[in-house]
Amino acid sequence: MLEITKESVKAVPVPGLEAAVSSLSAVLNVYGAMRANEEALKLLGEALESLDKHITRPLKETVAKDTDFLDEDLKERLNELAEELTNLAKRAEAMQSRKAHKKIFGYKEDSGLIQELNKELDRIILTFTAQGSIGSEVEARKARKAAQMVLINGLRRAQARHDSSSRVGTNACFEGTRVGILQAISAWIEDSGSSSIFWLSGMAGIGKSTIAQTVAELEESKHRLGASFFFSRDDAERRDPGLVCPTIAYQLAIFDDALKRSVTCALEKDPDVAFRMVKTQFEELIAKPLKGINKSGKTIVFVLDALDECDPTSGAVEILSRWAVELPRISQETKIILKVLLTSRPELHIQNQFRSPSLRPLSQQFILHNVEESVVQADIELFLRYRFTELADLHGMAKPWPLESDLLELVERSSNLFIFAATAINFVASAKSGRLMQARLEMLLEPVSLDPASVYQKLDACYLHILQVAERELEPTMQDARKKFRLILEAIVLLRNPLSAVALESLLSLAPGDVITAIQDLGSVLVLPDINDSSTPQYASQLHVESVVQGKPDTWDANLITLEVGRLVATVAPFPHGERIVTADYAGSVAVWSSATGAFIMSMECNLDWDLDDYGGPPILLTVARDGTKIACAPAITNSIHVWDANTGANVAILGGWVTEEPWRFSGPNERCGFVTFLPGSNDIVSISDKSSTLVICMMNNRMRWTWLKAA
């Protein structure tokens, strides 16, 4: 029985336990040779069988199935058991030594010694199992994990992982391409002394997301990917900053059991923590769990792609500042190597953060579009050669195909934009025959008049060819094909949130099947839904709005567009030329919308401390300057006027509080703003109080001057 027990503990990663059982085995083998002690040894054998049955054997079987089964608490219990068994072995050795020297032991004393060892072993086993046998611990652990998963699965989150179904069709870098940047990122991850943040920036279409995808897949294969989040402006969930921390917390809980326990504790403590402000979410769901695990020296990698597509921009700034500043502190405190690969376009609000004194020393930057064009084009040529060879073999094309000059021309047109090469090859590959593939390739190689100021003109020309072919091929199969095709494309590109084919057909008053039929040849520029699942939304992938939109409707239909504001609207005001609409709700949020499409453009906040629902008159006043460059908003229950730039949403001024050396307010003690407007041909604002005292405020050269005009 001891030999079986010894074999069982070998698989248990508690060295002291194996050593203790081996020592006990050596001593008891000597006593086993004493024939006169058969009854006592039988009882001792039963105790050892109990040790194997209740502790070592189930422990071996469980650890073989689940290497993470031994948590810190159980390891501590097993170490205490090992210490007890070691002490027992020492006592047995002492007894044996005493017997060997004195030679005075007889049958009865031998039996008594063995019985004493037996009782002590029984006590040790009973003490351990009283706290829970391995079997009961397994069942309890299963129940705890099930309860934890109920909480974890209830965590609101976005489908934003690198391998999420929302990113179907996304590929890693083609083998042999992007070698330099991938090696640089790999070296940064392996270097424990390097910065925690690696910012990969570059213009649209240059391949940032493909590189991020490659790194995420590689780090997951090494069991180091803690979480990934791929932002997308086309997906309401994947652009929402409020879903980033909960989504990453969910992935961390799946990544590591210790992190799962910490995240679960946070959810038990505050079930609504995922709905808190980003600051609180990060502290409770990311920072505290990472601080609470004992993983010194372990590397955990995070991949955040396309941060510039986070909306609003303030959310992107907060996410960046939290991760960039807090993670190095956590890493230093816990000795865990935390690495964040972050990609984005070089948008101003992100650049400004990385230029700040607090963030600059904590990050490493790689500007992708600064890589030599010859290096990028060599990668693109490698990719195109391989894909064209595949297509030629598949369709039995006469070799060489394409001609070397045609392939090199396509490489040249790609410039350093991988998106051009990928779109072009997908367009050619979607043709139904070799002859049509050649025709599409020739179309892509048609001469293009270039504007040196436009980086994307060749790409736009490529998109235009694809759209023209799809529209032309649709005409024989659908009535009013051109009109429907453009209407569907306009809707897909302009919708802030994607709709399913069924919903889109209902919105546009189209027949069932029209949407799928119209876009089925656009797989090179759109991520298409499953043709058998019309309830799945389709996502605009690459199309530029100017490539598709043909203009607003000829006539306005009050039922044509519904603005989903999300709150109770208090006031609406049009822009002078009717191209946009501005709304204000009862919470003081001001939003600008396209009057042609209903698309959301931007939002601003008045930051009210009062409840407008309780105000008896018009709750909030709005006006737009006659030239359409400024928006003014006056909450009726305050004595201030907010002014914003109508093109950028930037705050221009808050007229209120103290102006020059005197308080700006209406003359009566209880007066409030009753009317506000811009004077024609200027940025002067006229505001009239609800008690008929008038104040004219002029804004000239960013300076404010004011004049009282008292009503007669």
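Structure above, values below:
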read-out	value
Near pairs, Cβ below 7 angstrom, 6+ apart or cross-chain, from the range 475-490 (under 12 Å from T517 (Cα atoms)) to any residue that is basic (K, R) and part of a helix (DSSP H, G or I)	E475/R482; M478/K484
The range 146-163 - residue that is farther than 18 Å from P246 by Cβ and either open to solvent by less than 70 Å² (accessible area, probe 1.4 Å) or among the hydrophobic types (A, V, I, L, M, F, W, C) (or both) and, of those, modelled with the lowest pLDDT	A146
Single unsatisfied condition, S166 versus (1) more than 16 Å from the chain's Cα centre (by Cα); (2) at pLDDT below 90; (3) open to solvent by less than 30 Å² (accessible area, probe 1.4 Å)	(1)
Flag if D521 is modelled with pLDDT under 60, more than 23 Å from I631 (Cβ to Cβ), among the acidic types (D, E) and assigned to a loop (DSSP other than H, G, I, E, B)	no
Residue list for the range 210-264, filter: of a type in the set (D, E, K, R) and surrounded by 20 or more Cβ atoms within 10 Å (Cβ to Cβ)	E219, D234, D235, R238, R239, D256, K260
Neighbours by Cβ (under 6 Å, 6+ apart or cross-chain): first from the range 391-414, charged (D, E, K, R); second in a helix (DSSP H, G or I)	R413/K458
The range 603-643 - residue that is under 32 Å from the mean Cα position of the chain (by Cα) and open to solvent by less than 20 Å² (accessible area, probe 1.4 Å) and, of those, modelled with the highest pLDDT	M604
Out of F105, F128, sole residue that is at pLDDT 70 or above, more than 30 Å from F255 (Cα to Cα) and aromatic (F, W, Y)	F128
Residues that are at pLDDT below 90 and crowded, with 16+ Cβ neighbours inside 10 Å, drawn from the range 389-412	H395, M397
Any hit, the range 369-391, residues being assigned to a loop (DSSP other than H, G, I, E, B) and under 30 Å from S321 (Cβ atoms)	yes
Condition met for S374 (out of contact with any Lys or Arg (no Cβ under 9 Å at 6 or more places or on another chain), open to solvent by 20 Å² or more (accessible area, probe 1.4 Å), without any contact (Cβ under 8 Å) to a residue 12 or more places away in the chain and of a type outside the set (K, R))	yes
Test: residue in the range 334-349 that is over 24 Å from R167 (Cα atoms), among the hydrophobic types (A, V, I, L, M, F, W, C), surrounded by 17 or more Cβ atoms within 10 Å (Cβ to Cβ) and at pLDDT below 90	no
Breaking point among (1) of a type outside the set (G, A, S); (2) open to solvent by 40 Å² or more (accessible area, probe 1.4 Å); (3) touching a residue at least 12 places away in the same chain (Cβ under 8 Å); (4) assigned to a helix (DSSP H, G or I), for T280	(3)
Single residue of L304, L320, L290, L267 found to be open to solvent by less than 20 Å² (accessible area, probe 1.4 Å), under 26 Å from L218 (Cβ atoms) and either more than 14 Å from the chain's Cα centre (by Cα) or of a type in the set (D, E, K, R) (or both)	L290
Whichever residue in the range 209-251 is more than 10 Å from the chain's Cα centre (by Cα) and among the basic types (K, R) and, among such residues, is farthest from L304 (Cα to Cα)	K222
F354 vs. criteria within 29 Å of I197 (Cβ to Cβ) and in a helix (DSSP H, G or I)	yes
Residue in the range 552-574 that is at pLDDT 60 or above and on the phi > 0 side of the Ramachandran plot present	no
Single residue of H465, H369 found to be within 36 Å of the chain's Cα centre (by Cα), open to solvent by less than 70 Å² (accessible area, probe 1.4 Å), modelled with pLDDT under 85 and under 29 Å from W188 (Cα atoms)	H369
Near pairs, Cβ below 8 angstrom, 6+ apart or cross-chain, from the range 568-580 (within 12 Å of V590 (Cβ to Cβ) and touching a residue at least 24 places away in the same chain (Cβ under 8 Å)) to any residue that is outside any strand (DSSP E or B) and open to solvent by less than 90 Å² (accessible area, probe 1.4 Å)	A570/Y586; A570/L612; A570/P618; A570/P619; T571/P618; T571/P619
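The values are calculated or read from the model by the stated rules, or taken from the named source; none is laboratory data. Quantities reported herein were computed from a predicted structural model and do not represent experimental measurements. Every residue, glycine among them, receives a Cβ derived from its backbone with ideal geometry; neighbour counts consider all protein chains shown. These accessible areas exclude ligands, DNA and RNA; they are computed on the full protein's heavy atoms, side chains included. Shrake-Rupley method; radii C 1.70, N 1.55, O 1.52, S 1.80 Å.
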